[in-house]
Amino acid sequence: MLAIVFASLFVSAFVSASDAPRSEAPAPVLVELFTSEGCSSCPPADALLQQLDRTQPVGGAQLIVLSEHVDYWNHIGWTDPYSSRFFSDRQSAYTERFGLSSVYTPEMVVDGTTEFVGGDSRLASQAVEKALALPKVAIRISSISLDASKTLQAHIDTDALPETSKIRKADIYLVTALNYAESQVLRGENGGRRLTHVGVVQTLTKVGSLEVGKSFSQIVHVKIDSRTDPANLRVIAFMQQTGQKRVLGVAQQRAQ
């Protein structure tokens, strides 16, 4: 049985213990939200994710957000149009990794290292600060193009996975996500509500791997939905320790 944890009330002012500007360039931090339009406690978490994306409230951090819509709420009256079994499976892998008894929504995962109820801005702040203390591997996205068949092409290259790292292997992922999406929900727990989302994942594809001391440089391709407006698309690449553990680096570019 799925254990559903209700999100805390959305806090409009995102409080960070270290909002003072940092002198170095912002470090990218990946924020994943597992959510569903069929879940009544998810809209506050969706709103928090939009706030993080829009205001970038943590000094020294570039927050790169992903909204991953699970499919296990679809049976109670509303089929989330952005949902996929793939995202449910990705969340289940995190559930096992973090030693949780079951999946729940809304769940936020920061840099693959910390999970918490997705509407809690205080915990989000703490998780981002924790992520900033860990070393990053630089990732770059360039030469993005989209052909007539709606196949996106991008060049991804990374710095080497440090020899000094205890991490011996990592995987490279390419993500396409909608900048903005909205739905008029007709049924289910959110029936009658207009819901908005940011960073809605359309594709999340493993495109390669690398071992310690090695870098990655490759032109990659991914097919996107023919109905997707390229002007509403962002492209994200991230490196994650094999076994869906810590996110070691992440980058983001607009498709156009």
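The values are calculated or read from the model by the stated rules, or taken from the named source; none is laboratory data. Nothing here was measured: the structure is a model prediction, and the numbers come from that model. Here the Cβ positions follow ideal geometry from the backbone for every residue, glycine too, while neighbour counts run over all protein chains shown. Surface accessibility is based on the protein's heavy atoms, side chains included, excluding ligands, DNA and RNA. Shrake-Rupley method; radii C 1.70, N 1.55, O 1.52, S 1.80 Å.
When Arg193, Arg54 are compared by accessible surface with a 1.4 Å probe, the order from highest to lowest is Arg54, Arg193. Amide H to amide H distances under 5 Å link Ala27 with Ala61, Gln62, where only residues 5 or more positions off or on other chains count and H is placed in the peptide plane. A Cβ-based charge dipole, computed about the Cα centre of region 142-209 with Lys and Arg at +1 and Asp and Glu at -1, lands at about 320 debye.
May I ask which of Lys130/Lys206; Lys166/Lys206; Lys166/Lys214; Lys136/Lys223; Lys169/Lys206 have a Cα-Cα span longer than 19 Å here? Can you show the working numbers first?
Values: Lys130/Lys206 26 Å; Lys166/Lys206 22 Å; Lys166/Lys214 14 Å; Lys136/Lys223 29 Å; Lys169/Lys206 14 Å.
In this structure, Lys130/Lys206; Lys166/Lys206; Lys136/Lys223 exceed 19 Å between Cα atoms.
Each Cα pair under 8 Å and six or more residues apart adds its sequence gap; the mean of these over the residue count of the chain is a relative contact order of 22 percent.
Of the residues His75, His69, the one with the largest accessible area comes first in the ranking His75, His69, computed with a 1.4 Å probe on protein heavy atoms.
Each residue of region 163-174 was assigned a 3J(HN,Hα) from its phi angle through the Karplus curve 6.51 cos²θ - 1.76 cosθ + 1.60 (θ = phi - 60°); the sequence is 4, 7, 6, 7, 7, 9, 8, 9, 10, 10, 10, 10 Hz, with glycine and proline shown as x.
Return an integer: the convex hull volume of the alpha-carbon atoms of region 48-98, in Å³ per residue. Write down the numbers at each step before the final one.
Values: hull volume 5.9 nm³, N = 51.
So the per-residue Cα hull volume is 115 Å³.
Kindly provide the Kirkwood hydrodynamic radius of the chain in Å, to one decimal, from all pairs of distinct alpha carbon atoms. If you can, show how the numbers build up before the last one.
Working: mean 1/r = 0.0538 Å⁻¹.
After inverting the mean inverse Cα-Cα distance, the result is 18.6 Å.
One compactness figure for region 78-156 is 1.45, namely its Cα radius of gyration divided by 2.2 N^0.38 Å.
Give me the dipole magnitude in Debye, nearest 20, for the chain about the Cα centre, with unit charges on the beta carbon: positive for Lys and Arg, negative for Asp and Glu.
320
What the pair-distance distribution of region 194-256 shows, using all Cα-Cα distances binned every 10 Å from zero, is 15, 47, 28, 9, 1 percent.
Taking every alpha-carbon pair under 8 Å whose residues sit at least 6 apart, region 164-242 reaches a relative contact order of 46 percent. Max-minus-min Cα coordinates of region 134-195 on each principal axis give 54, 35, 15 Å, with the largest extent listed first.
Taking Cα centre as origin and charging only the Cβ of basic (Lys, Arg, +1) and acidic (Asp, Glu, -1) residues, the dipole magnitude of region 104-256 rounds to 80 debye.
The equivalent ellipsoid of region 106-256 has semi-axes of 28, 23, 11 Å, largest first, where each one is the square root of 5 times an eigenvalue of the Cα gyration tensor. When the charge dipole of region 138-235 is built from unit charges on Cβ atoms (+1 for Lys and Arg, -1 for Asp and Glu) and taken about the Cα centre, the candidate among Gln153, Ser183, Val220 whose Cα reaches farthest toward its positive end is Ser183.
Got the relative contact order for region 40-158 handy, in percent, Cα pairs under 8 Å and 6 or more residues apart? If you can, show how the numbers build up before the last one.
On the way: 115 pairs, mean separation 23.1, N = 119.
Answer for region 40-158 is 19 percent.
Counting charges near Lys166 (Lys, Arg +1; Asp, Glu -1) among other residues having Cβ under 14 Å from its Cβ returns a value of +2.
Considering only Glu96, Glu189, Glu68, the Gaussian network model of the chain with Cα springs below 10 Å gives its largest mean-square fluctuation to Glu96.
Computed on the Cα atoms alone, the convex hull of region 21-165 gives a volume of 155 cubic angstrom per residue. Apolar share of the accessible surface for region 91-144: 53 percent from carbon plus sulfur atoms, 1.4 Å probe. Measuring with a 1.4 angstrom probe and ignoring ligands and nucleic acids, Asp53 comes out at about 40 Å² accessible.
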